[in-house]
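Below is one structure, written out as structure tokens, with a few remarks after it.
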Amino acid sequence: MKVIITGSTGMIGLALIKLLHNQNEIYAVVRPNSSNIDLLNEFDDINIIECDLSNIYKIKDWIDEADLFFHLGWAGTTGKNNRNNIECQIKNIEYTMNALRLSEELKCKSFVGSGSQAEYGIKNEVLNEKTSVNPITGYGIAKYSSGKLGKLLSENLNVKFCWTRILSVYGPGKNNTMINHCIESILKNKEFNTTPGEQEWDYIYSLDCAKALYQIALNGVDGETYVIGSGSTRSIKEYITIIKNYINPDYKINFGKLDYDDNQIMYLCADIKKLEKDTGFVVETEFEEGINYTIEWCKKYGSL
């Protein structure tokens, strides 16, 4: 199959390429002059398309037909200022609609969009597709809007549309996440300050997340939304301690050095029953296994 992936140098994009490249023709869309484009050098059998999301129809210069379209690309994903940049987030909605229209023009059978747990806002319950949404950031509002508008638009298009709400992901990749900052700090023996770590969070390994997205593309129900996570939680303190013990058991984590944010999410867990039922997805990677591979990758490529 011919597979298009936007946001291909991100954590999930890299995992999707790793999962699919041996048996599929991959078209990896990357921002021109991206500082992470070298990460794609690991795969010598993929097609790299340097194309900004604002000019996504240029993809037709490289390919005239495809089978699956995974839209992972998004601007302004980290930092409060970026996430609440209204102009930027409105453009992301437009980019998503254009990607969906393009997928039909390319005769794709399936389009999968990447939403976020940020669509829910602050909850203290297991999250499923029926959980009420109340996004509190521009990022979360734009993700939710993209999912709803995409479903509406797809009703007039000849392509299956599925939206996802992805919880916390870890894995190989250069990303501005707590996990990556922790790994880098310990590897370089730099001070790592964090909260008391009492939050109970659901982390899913990037390759498992990629498998979920692929199963949704193949078997997901048209117009449906799927929550993606591992379905279980551990405390942030436990996750960080596992990382420390793998790299340097003697390293000291400064738990409690940072206060919780005003809008700190203390509980985050996915209900993946619908995902499992509709697509056959199964979580395969325990945190200990996934984080060990992630650490080795970061030693080779860097974490940030």
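Just to check your reading of the model, which residue among Phe287, Phe281 is in contact with a Leu (Cβ under 6 Å, 6 or more places away or on another chain) and more than 22 Å from Val133 (Cβ to Cβ)?
Sole residue among the options that is in contact with a Leu (Cβ under 6 Å, 6 or more places away or on another chain) and more than 22 Å from Val133 (Cβ to Cβ): Phe281.
Going through the stretch 162-176 one residue at a time, which ones are within 13 Å of Ser206 (Cα to Cα), part of a loop (DSSP other than H, G, I, E, B) and not aliphatic (A, V, I, L, M)?
Result: Gly171, Pro172, Gly173, Lys174, Asn175.
From the residues in the stretch 122-159 that are surrounded by 14 or more Cβ atoms within 10 Å (Cβ to Cβ), among the hydroxyl-bearing types (Ser, Thr, Tyr) and assigned to a loop (DSSP other than H, G, I, E, B), which one is nearest to the chain's Cα centre (by Cα)?
Thr137
Restricting to the stretch 109-154, what's the tally of residues that are free of Cβ contacts under 8 Å to residues at least 24 places away in the same chain and of a type outside the set (S, T, N, Q)?
So the count comes out to 6.
Restricting the stretch 89-108 to residues that are out of contact with any Phe, Trp or Tyr (no Cβ under 9 Å at 6 or more places or on another chain) and in contact (Cβ under 8 Å) with a residue 40 or more places away in the chain, which is surrounded by the most Cβ atoms within 10 Å (Cβ to Cβ)?
The qualifying residue surrounded by the most Cβ atoms within 10 Å (Cβ to Cβ) is Ile93.
How about the stretch 46-65: which of its residues are out of contact with any Phe, Trp or Tyr (no Cβ under 6 Å at 6 or more places or on another chain) and buried (at least 19 other Cβ atoms within 10 Å of the Cβ)?
Of everything in the stretch 46-65, those that are out of contact with any Phe, Trp or Tyr (no Cβ under 6 Å at 6 or more places or on another chain) and buried (at least 19 other Cβ atoms within 10 Å of the Cβ) turn out to be Ile46, Cys51, Ile56, Ile59.
Just to verify a result, which residue in the stretch 274-289, among those that are among the aliphatic types (A, V, I, L, M) and farther than 13 Å from Glu224 by Cβ, is surrounded by the most Cβ atoms within 10 Å (Cβ to Cβ)?
Filtering first and then ranking leaves Val283.
Out of curiosity, is Leu275 under 14 Å from Glu129 (Cβ atoms), of a type outside the set (D, E, K, R) and in contact (Cβ under 8 Å) with a residue 60 or more places away in the chain?
Answer is yes for this residue.
Just checking, how many residues over the stretch 75-120 are among the aliphatic types (A, V, I, L, M), more than 22 Å from Thr225 (Cβ to Cβ) and in a helix (DSSP H, G or I)?
Number of matching residues: 1.
On the basis of being farther than 23 Å from Thr177 by Cβ, buried (at least 19 other Cβ atoms within 10 Å of the Cβ) and in contact with a Lys or Arg (Cβ under 9 Å, 6 or more places away or on another chain), does Leu68 make the cut?
yes
Any idea which of (1) in contact (Cβ under 8 Å) with a residue 40 or more places away in the chain; (2) under 29 Å from Ser34 (Cβ atoms); (3) out of contact with any helix residue (DSSP H, G or I) (no Cβ under 8 Å at 6 or more places or on another chain) is the one Gln215 doesn't satisfy?
(3)
Scan the stretch 99-113 and give yes if some residue there is of a type in the set (Gly, Ala, Ser), touching a Gly at 6+ places or on another chain (Cβ under 7 Å) and modelled with pLDDT of 95 or more, otherwise no.
yes
Taking Thr78 as the residue in question, decide whether it is surrounded by fewer than 16 Cβ atoms within 10 Å (Cβ to Cβ), under 25 Å from Tyr203 (Cβ atoms), under 16 Å from the mean Cα position of the chain (by Cα) and touching a residue at least 40 places away in the same chain (Cβ under 8 Å).
Considered against the rule, which asks whether it is surrounded by fewer than 16 Cβ atoms within 10 Å (Cβ to Cβ), under 25 Å from Tyr203 (Cβ atoms), under 16 Å from the mean Cα position of the chain (by Cα) and touching a residue at least 40 places away in the same chain (Cβ under 8 Å), Thr78 comes out as yes.
Of the residues Val221, Val227, only one is within 30 Å of Leu153 (Cβ to Cβ), surrounded by fewer than 16 Cβ atoms within 10 Å (Cβ to Cβ) and touching a residue at least 12 places away in the same chain (Cβ under 8 Å); which?
Within the list Val221, Val227, the selection yields Val221.
Identify, from the list Asn248, Asn292, the residue that is of a type in the set (S, T, N, Q), farther than 30 Å from Leu153 by Cα and within 20 Å of the chain's Cα centre (by Cα).
Unique residue meeting the criteria: Asn292.
Name the single residue, out of those in the stretch 190-223 being part of a strand (DSSP E or B) and among the β-branched types (Val, Ile, Thr), that is farthest from the chain's Cα centre (by Cα).
The residue in question is Thr194.
Can you say whether Lys211 is of a type in the set (D, E, K, R) and surrounded by fewer than 18 Cβ atoms within 10 Å (Cβ to Cβ), as far as the supplied structure shows?
Answer is no for this residue.
The values are calculated or read from the model by the stated rules, or taken from the named source; none is laboratory data. Quick caveat: nothing in here was measured; it's all calculated off a predicted structure. Every residue, glycine among them, receives a Cβ derived from its backbone with ideal geometry; neighbour counts consider all protein chains shown.
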